[in-house]
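One structure below.
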Amino acid sequence: MSADWPGTLILGGGLAGSAAAILLARAGHRVRLWEKALHPHHKICGEFLSWEGQAVLARLGVDADALGAERIDRLRVTAGVRLAEAPLGFIARSLSRRVLDAALLAHAHAAGALVERGVTARALLPDGVVDGSHGALRPARLMLATGKHEVRGARRDGHGTINDQLGFKTYFRLRPAERELLSGHVELHLFEGGYAGLQMVEREAANLCFLVSPARWQAAGGDFAALLAAMGRDAPHLARRLEGALPLLDRPIAISGVPYGFVHQAAGGGFWRLGDQAAVIPSFTGDGMSLALVSAQMAAKSVLAGERPGDFQARLAAMARGPVRRAAFAQRMLGLVPARQQALVRALGLAPWAARLGVRATRVGARATRVGRAD
Ligand SMILES: Cc1cc2nc3c(=O)[nH]c(=O)nc-3n(C[C@H](O)[C@H](O)[C@H](O)COP(=O)(O)OP(=O)(O)OC[C@H]3O[C@@H](n4cnc5c(N)ncnc54)[C@H](O)[C@@H]3O)c2cc1C
């Protein structure tokens with residue numbers, strides 16, 4: 001038996017789902033949101049928040065600085081013993097997903113959305129009914145914002161262009177001198193078969209988030225400590241940062257099978273697909289969160305304008321395609337081969353201004369935040 005729900009049902013209370021819930025609820029829509037996690041928790045993410053995402057958060061009334069965000073305005077890239085630095089060209093924020101996602105869900109609740117935590121969507125049935133862990137519901141409108149998780153009956157319609165990378169994230173308390181050096185920077189450490197991002201998050205913790213090839217993981221015998229040690233041998237600057245650092249999580253968070261480069265094509269569906277369900281930009285860009293927030297803003301605007309999901313989905317795909325494709329190309333070119341990585345660092349050292357071009361080319365951009373404005 002399923003009950004009818006005369007409003008919007010949003011599956012997933014990450015960035016995209018919560019942001020859409022806030023905007024629709026504030027506009028007077030009936031919104032119900034199912035989030036499978038009962039409590040706030042750490043998520044795999046480098047937690048680098050680009051300026052487009054910050055613009056959406058500000059519009060939603062979420063103050064990243066008040067939540068304890070770090071400010072970051074410089075990029076430092078290393079490959080082997082080489083190191084180069086450049087200004088980012090904007091001030092990024094760094095904030096843990098546990099804090100940020102909880103704040104967004106609290107705003108959704110405050111805006112009048114019915115937020116139901118601990119409820120998992122199990123399947124979308126052909127008659128529009130959503131089968132959930134606490135019962136079935138047929139909503140008037142459905143938004144899918146389950147991130148990297150697929151819902152049966154509504155799987156994404158394709159792979160990315162890079163599908164085999166393994167991702168890991170953990171936190172460290174660094175020695176004071178290293179913390180000082182890292183502060184204000186996002187570091188990208190490139191090495192054979194992968195790269196690692198390192199940055200301070202909320203003052204005490206450094207977020208280490210990295211991708212490696214399956215071959216690298218196998219060579220480390222599937223052991224995280226051995227993998228870190230091997231990465232440190234290839235990336236001495238990273239090893240120096242982490243020397244004597246205290247791990248802050250019992251075990252790292254890991255992920256596999258992320259479809260980097262995926263962009264959902266507009267056809268069919270009958271529901272709105274947001275965030276990672278719509279497009280997956282390579283992580284090194286630090287733009288996935290922004291894409292998720294911008295997509296939510298565009299979806300809310302589309303609903304308020306009385307559009308059909310296909311119109312929104314086509315617009316979102318057109319906006320995301322360029323940055324996602326360029327970022328995936330850059331990841332393929334630089335991700336694995338030390339000689340290319342070192343050439344990049346050398347070039348960045350000679351022309352630090354070029355970093356801004358690369359940063360801009362792999363971002364959803366200012367136009368996207370304007371296009372998606374719901375007000
Ligand atoms: C290794 C790595 C590093 C990254 N680093 C960065 C970075 O530094 N900066 C950046 O901007 N982006 C980064 N990203 C990308 C970013 O994390 C994602 O793009 C972003 O989280 C997508 O938001 P979302 O709302 O679509 O999904 P999510 O944030 O994943 O939220 C989905 C939510 O849905 C819930 N859910 C899932 N299935 C169900 C279900 N069946 N029923 C109910 N609820 C469900 C989940 O519990 C979750 O809360 C990184 C990604 C990876 C993998």
Taking the stretch 226-262 and the residues there that are within 30 Å of residue 157 (Cβ to Cβ) and among the hydrophobic types (A, V, I, L, M, F, W, C), the one that is nearest to the chain's Cα centre (by Cα) would be 258
Filtering the stretch 25-54 for residues that are farther than 22 Å from residue 141 by Cα, more than 9 Å from the ligand (Cβ to nearest atom) and either in a loop (DSSP other than H, G, I, E, B) or at pLDDT 95 or above (or both) leaves a count of 5
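Condition check ((1) in contact with a Gly (Cβ under 7 Å, 6 or more places away or on another chain); (2) in a helix (DSSP H, G or I); (3) closer than 30 Å to residue 82 by Cβ; (4) among the hydroxyl-bearing types (Ser, Thr, Tyr)) across all residues:
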| position | (1), (2), (3), (4) |
| --- | --- |
| 307 | no, no, no, no |
| 317 | no, yes, no, no |
| 339 | no, yes, yes, no |
| 342 | yes, yes, yes, no |
Apart from one, (1) in a loop (DSSP other than H, G, I, E, B); (2) away from the ligand (no atom under 16 Å from the Cβ); (3) not basic (Lys, Arg) all hold for residue 281; the odd one out is (2)
Per the filter on the stretch 96-130, residues touching a Phe, Trp or Tyr at 6+ places or on another chain (Cβ under 8 Å) and of a type in the set (Ser, Thr, Tyr) are 120
Per the list (1) away from the ligand (no atom under 13 Å from the Cβ); (2) farther than 22 Å from residue 293 by Cα, residue check on residue 124 breaks on (1)
Q) Based on what the data block shows, is residue 373 of a type in the set (D, E, K, R), at pLDDT below 90, under 30 Å from residue 128 (Cα atoms) and surrounded by fewer than 22 Cβ atoms within 10 Å (Cβ to Cβ)? A) yes
Filter the stretch 108-127 for residues that are in a loop (DSSP other than H, G, I, E, B) and touching a Gly at 6+ places or on another chain (Cβ under 7 Å); the one that is farthest from residue 21 (Cα to Cα) is 125
Taking the stretch 214-267 and keeping only residues that are more than 15 Å from the ligand (Cβ to nearest atom), touching a Gly at 6+ places or on another chain (Cβ under 9 Å) and among the charged types (D, E, K, R), one is left with 234, 240, 243
Within the stretch 1-24, residues small (Gly, Ala, Ser) and within 15 Å of the ligand (Cβ to nearest atom) come out as 12, 13, 14, 16, 17, 18, 19, 20, 21
Just one listed residue, out of 118, 147, 184, is over 20 Å from residue 96 (Cβ atoms) and either away from the ligand (no atom under 15 Å from the Cβ) or touching a residue at least 12 places away in the same chain (Cβ under 8 Å) (or both), and it is 118
Scanning the stretch 78-115 for residues that are loosely packed, with under 15 Cβ neighbours inside 10 Å and in contact with a strand residue (DSSP E or B) (Cβ under 8 Å, 6 or more places away or on another chain), the one farthest from residue 151 (Cα to Cα) turns out to be 87
For helices (runs of 4 or more DSSP H) lying entirely in the stretch 187-253, having 2 or more residues that are among the small types (Gly, Ala, Ser) picks out 214-219, 224-234
Do the conditions hold for residue 278, that is, is it crowded, with 24+ Cβ neighbours inside 10 Å and touching a Leu at 6+ places or on another chain (Cβ under 6 Å)? yes
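The values are calculated or read from the model by the stated rules, or taken from the named source; none is laboratory data. This one's a predicted model, so the numbers in the text were calculated from it and none came from an experiment. For neighbour counting, all protein chains shown are included, and Cβ atoms are generated from backbone atoms with ideal geometry for every residue, glycine included.
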